[in-house]
Every structure is written in structure tokens, then in C-alpha cells.
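Step one of this worksheet: look at the structure below.
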Amino acid sequence: MNPTGASETDNNDSDQLGVLFEASVGRAIDHPDGLAFVEWFAEVAPLVAPLFAASFPRDDDARRSGLRMLGRLLWNRIPHPDNHFRPRPLPKPERNAACPCGSGRKYKHCCAGMEALEDPFANFSLLRYVLQQFPRTRLRKLSLTGVDLEELAYVAGEWRKDGNAEDSVAVLEGVFADVARLDARAEHAFDELVECYNDLGNPKKKLQLIERCLGAPDLTLHSAALHRRIAMVADAGDHAHAWRLFAEAQRLQPENPALAMLELSLLVDEKAYDRLQERGRFWMARLARDRNHDYADLIAHIRELIAEPQAAILKYQSDDRPGLLELRRLVTSLPAAECHYTLDRGGAEARLVPSTALAATVAAWDARTEVAMPDLTMLRSGDPAAWGDAAPGIAWLEANPLAWQSFEIIDDLALAVRESELAAGDELLLAPLLEHAWSLLQCVLERNSGRDCALPWAFLDNRPALRLVISLFYQRCDQQRWPEAREIAGAMVLTLNPNDNHGLRDEFVRLCLRDGDVREALAVCDRYPDDALGPTPFNRALALFMLGRHDEAGEALRAAMVRNPKLLAMLLAPKPKPVRLKGAFIEVGGKEEAWLYREAYLPLWEKSGALAWAREIVRQRKAR
């Protein structure tokens, strides 16, 4: 079935026309004789595009005349590389001259009447077919000084959508070699080049382009670069800097309608939904008052955004990935948790064992993701094709509801959503998956009388369930749902995974101290006496101090500072320089760990008075 709804004949006709245009452009470039081209086109068109030629009159002479006229119009639109990518139109025939279509009649009695008809190529870009004549190495060297930049940007955008971003970069980079010569017509090309760098994963070149265009004398191009810089700063989490730059953008172009979505996007990033409502209504009213422009689409977009921000973001991300909306439909109506696992016990520890039916479902899922359904891998890489019209993973999940009772399958989907880095993915796609997994785990433990049973990380079969619980914990922290975060961390550290392979004990202790449950925090620290390095010894000293056991706290702090001097030095520093994290792994006892501890625990040390006490301990030690 044709997913676009077009008939096979329509598709074949379109394919034939594409071949005809490519051949025509190649002929025009290799043999720049307009009259000869017209004759060539009349001969070749019926052979290359018979479906297209069949739409002309059946009479041979009439068909040939029509094809000649069409060839003439086509020639007049072809941009020639050796003419600064401008057409070389044939001169308009004199009214009393013989008609160039070859009918033998005077032009005024023949094809002159077609002048009133709409040129079929008026809004059709032939530049793409021209540029396709050159290999990428030649594209980089082409002189594009006379090219229509709007049309060039359109071609580059079409290539990028087709997965040819490198070719787009080849033709666009030269345009921005000298930004001082550019004006507002380069804005679209700038945006396309930025998107190409995004697709190719080249943030360095993207930043260099933006910085270069920030120096452009043209206000429109400068503002476009500033808007991109604001988005980058916001994505890096520096919202204060982003708002300062936004104020500058407002001063430069206060009437720029792009400011509307830029401001609202910043508010969405900050989850400032009340302010989003207010500013959204302001922008809708302001845009509606502009009688010189039609902003109906933008106003509709803003209305959707302020009504349901995350859903609106996902909808617009789904323009080329409709499978995302299908996935959302599934995860918002998941079946209730059912137990399809048993516990293979060994004392206080157990391994999750799926039922025969569930194991078969998982095997079928694994087979499809590896062979017939590459969606999972593509979604992880952000490839829009992963959840396009033909996303078979959605249909498979809908046809196999037992899949939703599998930790392994849910873990696969959660990983895919996380790694796709969708702006609305956490709230609308990941959250329902993680919440369902937590309910499923509670159900499995309850049905197997395993509430006090550990599920060690060492058992591979337990890992999908534990990964999902860890993910839910961090999501609850991001959402500042602290009681739920503490409950999950406590379940992991105290019961499910007492070996604490994920280091949740420090998070759990912090939440206990935050809630004033100091004895619980101390008990957790005492469960890990072998933690010579890292935060646990400092947390133990803090807990002892908060309980009023100052002598024990002093001994604990002195022992901790000997083992990990960088952590205490960072904690006590009045204004330390922020430490930039260099990767996913953090050295125990290193500066990165010390900085993260300061960020998380400094308020507790300050509020309890332990920070001043620790400074005094250090002063006394140095005085000896």
C-alpha cells in the first residue's frame, strides 16, 4: 500500500519527471545552446517520461509543438553555473515571426496565447538538479556569488531531509566565508547550515558559524545568530545568561515575531508554566494586532503550547516522526501490572524468572529489534525514520500486550526514549514507562511474597528492573518530588540492592538529612564501613554532628579529611571555581566528585552549623 495515498501511476509519473529534469539540466549545462535544447527536449521527453508526454494532444504535430514550448519555458528557468547560476532565457519571439514551437504559424496566432497562462516552472526549483551535476568536492569550490540564496537554502534543506547534510554543508559553507557581504536574504541559508551541523554532530563548527554571524553588519542575520546563541546557552543550562542575551535581542529587533517562540521556549525549559501562560497571551494579542502580516499559524502554535506545553512540543517533534504520537498513545493507556515472574530464591536473595509465555514474547521482541525492526537502534540515535509512517515496533507492541509486563522490553523502550533526547520525551514518554515498571515490580514482589527479598545486580536477569527503578529515582529528583525519590532510594539501598552498585546511598542519606531523619542517615552510613573514600565518611561526620555527638563527629571528620582532602577543601572554599565534568565517569577522591558533593550538600552543612564547626576543626589541626 502506498503510505502517501497517491496512486502508483502518480508516483511513476513523478519519478519519470525527476529523471527528465535531471537529464534536461545535464544537457543544458553540457550543450548551452537554447534552440538546440528545445529540439532535444521535444525528442527526449516522450522517451524518458512517457506518462507525462501522454498528457499532451495525441496529434504528433500538436504534441511536438507543446513539448517544444514546454522545453523553451524549462530552458528559460535553468540556472547556468557559468552564468553565475542565472538563466540564459531565449529572446521572446516577434509577434509576426514564425512560432518557435514549429507549427508553421505566426507566433501571434499560435503560442502567444500561452503568455497569459501560468508558467509551470515559476515556483519550481531547478537549482537542485543543477547542483546534483557536481560531486561534493566540486560543490565546495563552486562560485555561488550570483545564486539566489533563498533557493540555495531550500535545496540544502531538501538534501538535509534526505540525509545528505554533508552535501548541504558543501554548498553553504562558502556563502558565509565573508559575512560582511551578506544581507537578510542569507537568513534561511544560515538556519539550514546550523541544522546541518546539528545533524552531523559538529557543535564546534556550529558555534564558529554563529560567532561569525554575530559580527555581521546586517541586522537580520545578526539577530538570527543571536537567537541561535540564546538557544545554545539555554540548552547548556545557563538560563540567566540566556535571558540577558534575549533582552539584547529584544533591543535589536523589538518587532521580530521570532522573539515570541524564543521567549516561550526559554520558559518551557525552565518549566515556568504560569509565566508561559501570561507571555503566551501577550504574544497572541500582539501578533493579532499586526494587520500587515498573517500570523495565524504562529498564534495557533502559541495557543497549543500554553494549553499543554509538553504535548505541543512532542506534536511538533512528531511532524516527521508520527510514530512518536503512536507511542504516546500506547504509554498513556498501558495495561495494569500483572505478575508473570517467579523468584528463584537463594536465602535472602532472588533472581527474576519470566514465565514461559513472557520469555517467548521477549525472544520475539529481541528478534525483531535485531533483524526486522531497526526502530530501536535508530530512535536511540535520533534518526527520524525510526518512528516514521512505517514504524513496525508500534504495531508489534499493540499486537503483543504481554510485552508491557516485561522489564526487559520496557527497559529497551526507556533507553531508546532517553537517548533520543526528545525535549518532551521525559514527561510524556519516559515517565509512564518508569511508573509502570515500578508498579510492575511491586506487583511481582507482592505475588511472590518477596517484599523483603533482595534482587542483586550481580544477576543479569535483575538488571532491567533495577535500571528502571534507578531511572525513576532520578526523574523524581528532577521533578523535585522528594518524598517519592526518598522512598525509591530507600527501597534500593535497604532492600532491593544492598550492595548499592549505583551509589544511591549518598542520595538517600542526603534526602534523610534534608527531612531531618538524621538517625536513619547515620544508620545507612554505618552499613558501609568500608567506604574509606567518597562522600560516606563526610556524611557520617555530618550526621553525628547534627545528633549532637560532637566528639565522635570530630574524629570521623578528621579521619575523612585524611583520606579525601580534596572534598573537604572544596566544601570549605568560600568561592571555588566551578569544576567542569569531563565525562560520564568521576574519579573517586578527585575534584569532580568534590565539586558535586559541594553542590549537593553545602546547604545542609551551612544550615546545621556544621560548616563553621568543620572550619574550626581544620584550623585547630593546622595550628598543631
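The values are calculated or read from the model by the stated rules, or taken from the named source; none is laboratory data. Note that the coordinates shown come from a computational prediction; the quantities given were computed from them, not determined experimentally. Note that each Cβ is placed from the backbone with ideal geometry, even for glycine, and that neighbours are counted across all protein chains shown.
Return only the number of the condition from (1) under 25 Å from D162 (Cα atoms); (2) more than 18 Å from the chain's Cα centre (by Cα) that A216 does not satisfy.
Every condition holds for A216 apart from (1).
Has the stretch 156-174 got any residue that is assigned to a loop (DSSP other than H, G, I, E, B) and either in contact with a His (Cβ under 8 Å, 6 or more places away or on another chain) or touching a residue at least 40 places away in the same chain (Cβ under 8 Å) (or both)? Steps first, please.
Pass one, the stretch 156-174, residues assigned to a loop (DSSP other than H, G, I, E, B): 162-164.
If we keep only those that are either in contact with a His (Cβ under 8 Å, 6 or more places away or on another chain) or touching a residue at least 40 places away in the same chain (Cβ under 8 Å) (or both) too, we end up with none.
No, the stretch 156-174 contains no residue that is assigned to a loop (DSSP other than H, G, I, E, B) and either in contact with a His (Cβ under 8 Å, 6 or more places away or on another chain) or touching a residue at least 40 places away in the same chain (Cβ under 8 Å) (or both).
Identify the residue in the stretch 512-521 that is touching a residue at least 24 places away in the same chain (Cβ under 8 Å) and surrounded by 22 or more Cβ atoms within 10 Å (Cβ to Cβ) and, among all such residues, is farthest from A541 (Cα to Cα). Full working, then the answer.
The first filter runs over the stretch 512-521 and keeps only residues touching a residue at least 24 places away in the same chain (Cβ under 8 Å), leaving 512-515, 518-519.
From what's left, surrounded by 22 or more Cβ atoms within 10 Å (Cβ to Cβ): 512-513.
Working: C512: 15, L513: 12 Å.
The selected residue is C512.
Got a sec? Which of E187, E192, E248, E211 is touching a Gly at 6+ places or on another chain (Cβ under 6 Å) and either in contact (Cβ under 8 Å) with a residue 12 or more places away in the chain or in a helix (DSSP H, G or I) (or both)?
Details: E187 fails: touching a Gly at 6+ places or on another chain (Cβ under 6 Å); E248 fails: touching a Gly at 6+ places or on another chain (Cβ under 6 Å); E211 fails: touching a Gly at 6+ places or on another chain (Cβ under 6 Å).
After applying the criteria, what remains is E192.
Going by what's in this entry, would N164 be described as polar (S, T, N, Q), surrounded by 15 or more Cβ atoms within 10 Å (Cβ to Cβ) and out of contact with any helix residue (DSSP H, G or I) (no Cβ under 8 Å at 6 or more places or on another chain)? Explain how you work it out, then say what you get.
Values: polar (S, T, N, Q): yes; surrounded by 15 or more Cβ atoms within 10 Å (Cβ to Cβ): yes; out of contact with any helix residue (DSSP H, G or I) (no Cβ under 8 Å at 6 or more places or on another chain): yes.
The answer is yes for N164.
Is it true that A600 is modelled with pLDDT of 85 or more, part of a helix (DSSP H, G or I) and more than 37 Å from the chain's Cα centre (by Cα)? Please lay out each step first, then the result.
Numbers: modelled with pLDDT of 85 or more: yes; part of a helix (DSSP H, G or I): yes; more than 37 Å from the chain's Cα centre (by Cα): no.
In short, no.
What pairs come out if I take residues in the stretch 300-311 that are under 11 Å from L264 (Cβ atoms) and pair them with residues that are of a type in the set (V, I, T) and buried (at least 16 other Cβ atoms within 10 Å of the Cβ) whose C-beta lies under 6 Å away, six or more apart or interchain?
P309/V268
Provide a single number: the residues in the stretch 313-362 that are modelled with pLDDT of 80 or more, crowded, with 19+ Cβ neighbours inside 10 Å and over 26 Å from N400 (Cα atoms).
Adding up the residues that qualify gives 1.
In the stretch 557-597, how many residues are in a helix (DSSP H, G or I), without any contact (Cβ under 8 Å) to a residue 40 or more places away in the chain and among the charged types (D, E, K, R)?
First pass over the stretch 557-597, keeping only residues in a helix (DSSP H, G or I): 557-563, 565-572, 591-597.
Going one step further and asking which of them are without any contact (Cβ under 8 Å) to a residue 40 or more places away in the chain, we end up with 559-560, 562-563, 565-567, 569-570, 591-592, 594-596.
With among the charged types (D, E, K, R) added as a condition, the list becomes 563, 566, 591-592.
Of the residues in that region, 4 qualify.
Per-residue answers, yes or no, for (1) part of a helix (DSSP H, G or I); (2) under 16 Å from D411 (Cβ atoms); (3) β-branched (V, I, T); (4) modelled with pLDDT of 95 or more:
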{"residue": "E435", "(1), (2), (3), (4)": "yes, yes, no, yes"}
{"residue": "S439", "(1), (2), (3), (4)": "yes, yes, no, yes"}
{"residue": "V444", "(1), (2), (3), (4)": "yes, yes, yes, yes"}
{"residue": "L466", "(1), (2), (3), (4)": "yes, yes, no, yes"}
{"residue": "N499", "(1), (2), (3), (4)": "no, no, no, no"}
{"residue": "D506", "(1), (2), (3), (4)": "yes, no, no, no"}
